[in-house]
Amino acid sequence: MNNTHKMLQELTRIPSEGRNPASENIDIMTTAEVLNLINAQDNLVASAVKQAIPQITKAVDAAVICFNKGGRLIYIGAGTSGRLGVLDAVECRPTFSVSDNMVIGLIAGGESALIHAVEGAEDDLLAAQKDLNDIGFNSKDMLIGVAASGRTPYVIGALNYANTIKAKTACIVCNPEAPLIPISSIGICTSVGPEVLTGSTRMKSGTAQKLILNMISTASMIKLGKTYKNLMVDVNASNAKLVARAIRIVMQATECSEQEAIKALSDAKNNAKLAILKLLLNSDVTTCETLLSNNQGFLRKALHQEP
């Protein structure tokens, strides 16, 4: 059996590669009908993700353990899946003021693959190990393979290598028979069904992956004390919009005036969390820094240990 025939047989067993009966006549629908159909199919994604919450929970808890041990969270994928992982990773620094090394996204074919298709990159079983070695991947880290079909060779190679060094592993797939599931410590599968355009997994499958990546990074950062109530108190005020957001966050957390928030942020060297604690305790910056340090950065805990 040649490789092409084998691949054709594999595709017939992957739900996301099936033909969707609801969209068989999409090419003769009106624009509004096309958009309503896509929207109706998109509405199925959230419920599919909900079914996977027990596995997503395990992934978040595992990531937090790795972070607390000095490890990192690494996403790895090809094509759309790889791009979504990179997108989620790069958003962590401005949102939560973490280092660029704490959450990393790797894509088959390297950075150029973010904007250009790199032919054959996803089929390279060995390239993933090199890419992981290039970032110093080790047993403290957690690796999450992202692949709609769950059969991408590049991602399989990555997970197999991670297992050899005893790193924690997980996968995000849309195929219950995905080869990635049995080689992952945690298998996250969302059954979103066939796409509106047959095989176009950038659609429902990609949406499911984006939702899950959002959940993993956001929930793990919450568990690390990066929020106070539902406020992003560790926001990195690196541009005009984020400076304004930091001011607003301080105002929302303390019910202070705009000028009081600006003054507190100035005293706290633009650290919103520190500014909030200073205002709520009516204390000095040094004392508040000590309180946060003693409580691993958790603002709510620091508030209950007043000096």
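So here's what we get for this one:
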| quantity | calculated |
| --- | --- |
| Every residue from region 281-307 that is over 33 Å from the mean Cα position of the chain (by Cα), hydroxyl-bearing (Ser, Thr, Tyr) and not in a loop (DSSP other than H, G, I, E, B) | 286, 287 |
| Out of 181, 188, sole residue that is part of a strand (DSSP E or B) and more than 19 Å from residue 107 (Cα to Cα) | 188 |
| All positions within region 280-302 that are hydrophobic (A, V, I, L, M, F, W, C) and over 12 Å from residue 233 (Cβ atoms) | 281, 285, 288, 291 |
| All positions within region 29-51 that are aliphatic (A, V, I, L, M) and surrounded by 11 or more Cβ atoms within 10 Å (Cβ to Cβ) | 29, 34, 35, 37, 38, 40, 44, 45, 46, 48, 49 |
| Residue 289 of a type in the set (Asp, Glu) and free of Cβ contacts under 8 Å to residues at least 12 places away in the same chain | no |
| Tally, over region 152-178, of residues that are outside any loop (DSSP other than H, G, I, E, B) and out of contact with any strand residue (DSSP E or B) (no Cβ under 7 Å at 6 or more places or on another chain) | 7 |
| Qualifying positions in region 18-74 - in contact with a strand residue (DSSP E or B) (Cβ under 8 Å, 6 or more places away or on another chain), in a helix (DSSP H, G or I) and closer than 22 Å to residue 201 by Cβ | 55, 56, 59 |
| Number of the exception - residue 178 against (1) more than 30 Å from residue 52 (Cα to Cα); (2) touching a Gly at 6+ places or on another chain (Cβ under 7 Å); (3) of a type in the set (A, V, I, L, M) | (1) |
| Criterion violated by residue 151 - all others in (1) surrounded by fewer than 24 Cβ atoms within 10 Å (Cβ to Cβ); (2) modelled with pLDDT of 95 or more satisfied | (2) |
| Hits in region 191-229 - residues which are part of a helix (DSSP H, G or I) and among the hydroxyl-bearing types (Ser, Thr, Tyr) | 205, 207, 217, 218, 220 |
| Single residue of 252, 259 found to be assigned to a helix (DSSP H, G or I), surrounded by 14 or more Cβ atoms within 10 Å (Cβ to Cβ), out of contact with any Ser or Thr (no Cβ under 6 Å at 6 or more places or on another chain) and polar (S, T, N, Q) | 252 |
| Restricting region 70-81 to residues that are more than 14 Å from the chain's Cα centre (by Cα) and over 10 Å from residue 142 (Cβ atoms), the residue that is surrounded by the most Cβ atoms within 10 Å (Cβ to Cβ) | 78 |
| Matching residues in region 266-290 - criterion: being among the aliphatic types (A, V, I, L, M) and more than 18 Å from residue 97 (Cβ to Cβ) | 279, 280, 281 |
| Residue in region 122-141 that is assigned by TED's automatic domain parsing to the domain that holds residue 89, buried (at least 24 other Cβ atoms within 10 Å of the Cβ), of a type outside the set (D, E, K, R) and closer than 25 Å to residue 42 by Cα present | no |
| Failed condition for residue 170, given (1) under 21 Å from the mean Cα position of the chain (by Cα); (2) surrounded by fewer than 15 Cβ atoms within 10 Å (Cβ to Cβ) | (2) |
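The values are calculated or read from the model by the stated rules, or taken from the named source; none is laboratory data. Not measured: the values here are computed from a predicted model. Ideal geometry is used to build each Cβ from the backbone, glycine not excepted, and the neighbour counts take in all protein chains shown.
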